[in-house]
Amino acid sequence: MKLLSTLLAAAIATLGFASGAAADEVVVYSARIEQLIKPMFDAYTKQTGTTIKFVTDKEGPLLEKLKAEGANTPADMLITVDAGNLWQAAQEGLLRPVNSPVLGANVPPHLRDPNNLWFGLSVRARTIFFNKKNVKPEELSTYEDLASPKWKNRLCLRTSKKVYNQSLVAMMIEEHGEAKTEQIVKGWVNNLATDVFSDDSKMLEAVGAGQCDIGIANTYYYGRLIEKKPNLPIGIFWANQKTGGVHVNVSGAGVTKHAKNPAGAQKLIEWLSSEQAQNLYTDSGMEYPVNPKVKADPVLVGWGNFKPNVINVSKAGELQAVAVKLMDRAGYK
C-alpha cells in the first residue's frame, strides 16, 4: 500500500511538472525572420521565464502547415506580415478570438481585426518616393495623382504579385469604389517608365539612379537602402495628407485555434504590444509602433510626421481577390 502511494505521488508530481512545463512554453509560427524576432523572444524569456519555441517560414507555407496539422498543431501563436495574410488566416479558421483589455488599449481599432482574431504589432507605411534631382516635393500629392499624364514614362512600380500592392489597391477600392480605382491603376500602368520590379529595394534604386522619377514603396526599404547608400538622391513624400492619409499596413499576431497554451500566447502578444517591448519589436525592422504611447525610432522620426489612413486594415484582406482581378484587367503585371 505504501509502495502504491509512493508511485501515485510520483505520478502526480510528474503530471504536475509536465503541465507546468507546457504552461511555461509558447510555440510560435512566424513569417518574420529569425533575426527580427529572436531578440524579442530572448528578452521575454529573460523577463518571465517562459520558453519560446519558434518556426520561421514564408506566410503561405506556415498557413498550409497550420491547416494540415489541424488540432495536432504544436503552434500556439502565428506572427505574419500584411493584414491580408492575417485576414486569410482568420478566414481559414486558424485563429481564435482574444478578449484582452490590454490589447484593446495598446492597439488602435483600425490596426486589429474587428472580431479580435488578430492584432497589429507594427505599422508599415507605403508611400511615394521621388528622385530629388528631377522632382520637387510640391509637384507630388496623392497615389491617385500618379495616374496623371504629367507622370508619363516617369513612374516605377513593384510587381502587382506582391501582397503589399494588392493591399494598397484593395484599400483604394474601399475608399473609391472599383470603377474609379481601376481607372487609377490603368493610369499608373500607362505612366510606367520600365517593367515592374520584383521588390521595393530594386525599384527604389531605379528611382535613385534616375531610371524613373517616382515610385511607391514601404518606408523600411527606403531606410535600409539609405543606410547603405546615403548619397542616393531619393526623397520621401507622405501621400494623401489632404485626403485619406498614407496607406498603412501591419505585421501582427493571433492565437491559433488549436493552441495548447492560449493564455501564454495571449500574454506574449500583450507584452509585444506594450510600451516596454514595442521599440524592440519595431526598431530592428525600421517600422512604426502600433502603440500610440510609444515613439518611433529617431531615424523614422526624422522623416517627419504623417497622417495615416484609418480604414480598418482588415479591408486589405476582404478586398484582396477583387484587387487582384482589377490589377489584371488594368494590365498591371
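The values are calculated or read from the model by the stated rules, or taken from the named source; none is laboratory data. Predicted model, so just to flag it, every value in this text is computed and none were measured. Glycine also receives a Cβ, built like all others from the backbone with ideal geometry; neighbour counts cover every protein chain displayed. Accessible surface is based on the protein model in full, side chains and every heavy atom, while ligands, DNA and RNA are left aside. Shrake-Rupley method; radii C 1.70, N 1.55, O 1.52, S 1.80 Å.
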Residue-normalised value, i.e. accessible area per residue, for the chain at 1.4 Å probe, in Å², stands at 45
Find the lysine pairs in region 55-208 meeting two conditions, Cα atoms under 17 Å apart and a separation of 8 or more places or different chains, and report how many there are. 12
Dividing the convex hull volume of the alpha carbon atoms of region 215-286 by its residue count, what do you get in Å³ per residue? 150
Gyration tensor over alpha-carbon atoms, region 60-152, equivalent ellipsoid semi-axes in Å: 38, 17, 11
In region 32-89, how does Rg compare with the Kirkwood Rh, expressed as the Rg/Rh ratio over alpha carbon atoms? 0.99
Grab the other residues whose beta carbon is less than 13 angstrom from that of residue 141, score K and R as +1, D and E as -1, and report the net. -1
Going by the alpha-carbon gyration tensor, a ≥ b ≥ c the square roots of its eigenvalues, is region 168-240 rounded (a/c under 1.5) or, if a/c is not under 1.5, prolate (a/b greater than b/c) versus oblate? prolate
Size of charge dipole - region 185-258 - debye, nearest 20, with Cβ of Lys, Arg +1 and Asp, Glu -1, no other charges: 220
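Ratio of region 199-241's C-alpha Rg to 2.2 N^0.38 Å, to two decimals? Intermediate values should be presented prior to the final figure.
Details: Rg = 9.8 Å, N = 43, 2.2 N^0.38 = 9.2 Å.
For region 199-241, the normalised Cα radius of gyration comes out at 1.06.
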Phi-derived 3J(HN,Hα) across region 170-183 with the Karplus relation (6.51, -1.76, 1.60, θ = phi - 60°), rounded Hz, x for Gly and Pro, is 4, 5, 5, 4, 4, 7, 10, x, 6, 5, 5, 5, 4, 4
May I ask you to give the percent of accessible area on the chain that is carbon plus sulfur, with a probe radius of 1.4 Å? 55
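Below 19 Å Cα-Cα, how many Lys pairs turn up in region 291-333? Only count pairs eight or more apart in sequence, or on different chains, if you could.
Close lysine pairs found across region 291-333: 5.
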